[in-house]
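Quick one: the structure is below, and I'll ask about it shortly.
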Amino acid sequence: MIMKQITRTLLAATLLAMPLSAQDDAYFTQDSERRVPTSQMEVKLSYAPLVKSASPAVVNIYTRKVEKVRRSSWLERFFGDRGNHGVPEERVTGSLGSGVIVRANGIIITNNHVIKGADEITVVLSDRREFDAEVVMADAGTDLAVLRIQVGDDVLPIVKMADSDHVEVGDIVLAIGNPFGVGQSVTGGIVSATARTQQGISDFGFFIQTDASINPGNSGGALIGIDGELIGINTAIYSRTGASNGIGFAVPTNMVQVVLRAALTDGTLVRPWIGIDGQNVTSDLAEGLGLDRAGGVIIGSLYPNGPAERGGLNVGDVILSINNFEVIDEGGLNFRTATRAEGEMVEVVVLRGDELETYQLSLELPPENPSRNVTLIDGRHPFQGVTVANLSPRFNDENRINVLRKGVMVTKLSGNSAAARARFVMPGDVLLELNSQPITTVQTLVNTLDSITASQEGVDEDEREPATYLFRLERRGEVRECAIRGNSLRCGTVR
């Protein structure tokens, strides 16, 4: 009943804000904008003008990557690898995709996975001209990348971006791209769903779903609406075979605008937040909360003095909508905040107990407190060659982990280090404790290691006992405990 109530409340608020005549016109305007054909003449109408307008701004992208490989000799095939690893050879691999020109001076949007790891990127325009491209920004969190080609004084065709918040299920759409490398192609369909957030394609996954055929090579291409404006960047398909099964996903242009804006300013992509750690409201939770269906995000913790806490939200509140858009899960919540500007006020409706409450929150950028202090640890101990950093809301957002997580995280291992060989720590591990000392910052870890090393100094090497390193860490939600003494290593899961 609560979900029905909030839906009626949002609709009523919209209509009551209009004069009476405007309320009546709202329904007629919607009907006149979206309707089925009513005559044979209308059935014969063509989308060709839309394609002619938009397709010149859609490009083909070819990538080239050089990899070192080892070819086994005929002796190895008969007698096995006897330690002769052969001479590495170069193998060239390539991939293809699509992109969309969004600035007339040569700025192009595509998918991050299209250009990831490429040594060379070639962009082919619709008029068959070819250009080498440079990567301006690549963001794995949204699976978007911004490229630049040098076109001199030429003015390239662009496609105008629409407000993707206005896209509705049933809208007619066209997908333009380079499927299978056969050349630019156009397919048509409708929007079959919006606000798809559980696809695992990206961390800020909030996708427009379409049944327009999208195949390999379409990635990074344009999804345009019936007015010829760009509403999304085609990103992925749902398929067990690799071919289109009528379910494709596109990144909405409102998220594209965020990445593009960052790429063309200071090159730093930081998304606004409200400062909470939340949990999706499942059907089981919904029943206990008095909701008649799953949906919303229940607040588990608040960042001290963050936007949500200052705005009056409490732990246990269930966020149901932001700016009149229903929040179904954390992915939707992140999208609604990440696509707004720093300092923008948003209206948040929450369920508190049995009551619906409305709050105004000012969006902020996640703070970097403490400073990340990325440090390569050196010294005569097992952690030599391990790179660590302090966790903070901003660092965590960049690395796609819980924004309120605190502590010290392993970010990298040197290839010849003891840690890399024994794998007692791995990138992504959060260090919790070393020899009974809680590890809260990088400096705490360094000081503790220095203290252990110092305790060995001044003792004759023949009489010196191997130092003992007892430490706890968290890896993918599990707490592990390890003990290192000399050449002995023992590790086990605590919980």
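The values are calculated or read from the model by the stated rules, or taken from the named source; none is laboratory data. Computed from a prediction, not measured in an experiment: that's the story for all the values here. Glycine also receives a Cβ, built like all others from the backbone with ideal geometry; neighbour counts cover every protein chain displayed.
Matching residues to (1) within 22 Å of the chain's Cα centre (by Cα); (2) closer than 18 Å to residue 405 by Cβ:
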residue	(1), (2)
279	yes, yes
286	no, no
306	no, yes
317	no, no
347	no, no
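Which condition number does residue 258 fail, the rest of (1) touching a helix residue (DSSP H, G or I) at 6+ places or on another chain (Cβ under 7 Å); (2) not assigned by TED's automatic domain parsing to the domain that holds residue 160; (3) not polar (S, T, N, Q) being met?
(2)
Hey, could you check segment 150-182 for residues that are farther than 14 Å from residue 252 by Cβ and among the small types (Gly, Ala, Ser) and say which is surrounded by the fewest Cβ atoms within 10 Å (Cβ to Cβ)?
Only one residue fits best here, namely 152.
Scan (1) out of contact with any helix residue (DSSP H, G or I) (no Cβ under 9 Å at 6 or more places or on another chain); (2) closer than 22 Å to residue 398 by Cα for the single condition residue 144 breaks and write down its number.
Exception for residue 144: condition (1).
Among the residues of segment 406-421, write down those that are in contact (Cβ under 8 Å) with a residue 24 or more places away in the chain and either in contact with a strand residue (DSSP E or B) (Cβ under 6 Å, 6 or more places away or on another chain) or surrounded by 16 or more Cβ atoms within 10 Å (Cβ to Cβ) (or both).
Once the filter is applied, which keeps residues that are in contact (Cβ under 8 Å) with a residue 24 or more places away in the chain and either in contact with a strand residue (DSSP E or B) (Cβ under 6 Å, 6 or more places away or on another chain) or surrounded by 16 or more Cβ atoms within 10 Å (Cβ to Cβ) (or both), segment 406-421 yields 407, 408, 410, 411, 412, 413, 417, 418, 419, 420.
Taking segment 271-300 as the search range and keeping residues that are in contact (Cβ under 8 Å) with a residue 24 or more places away in the chain and of a type in the set (D, E, K, R), which one is farthest from residue 397 (Cα to Cα)?
Here the residue is 292.
Output the number of the condition that residue 187 fails; it satisfies all remaining conditions of (1) of a type in the set (Val, Ile, Thr); (2) under 21 Å from residue 223 (Cα atoms); (3) not in a strand (DSSP E or B).
Exception for residue 187: condition (3).
Also, quick follow-up: Go through segment 371-398 and count every residue that is closer than 30 Å to residue 305 by Cα and crowded, with 17+ Cβ neighbours inside 10 Å.
13
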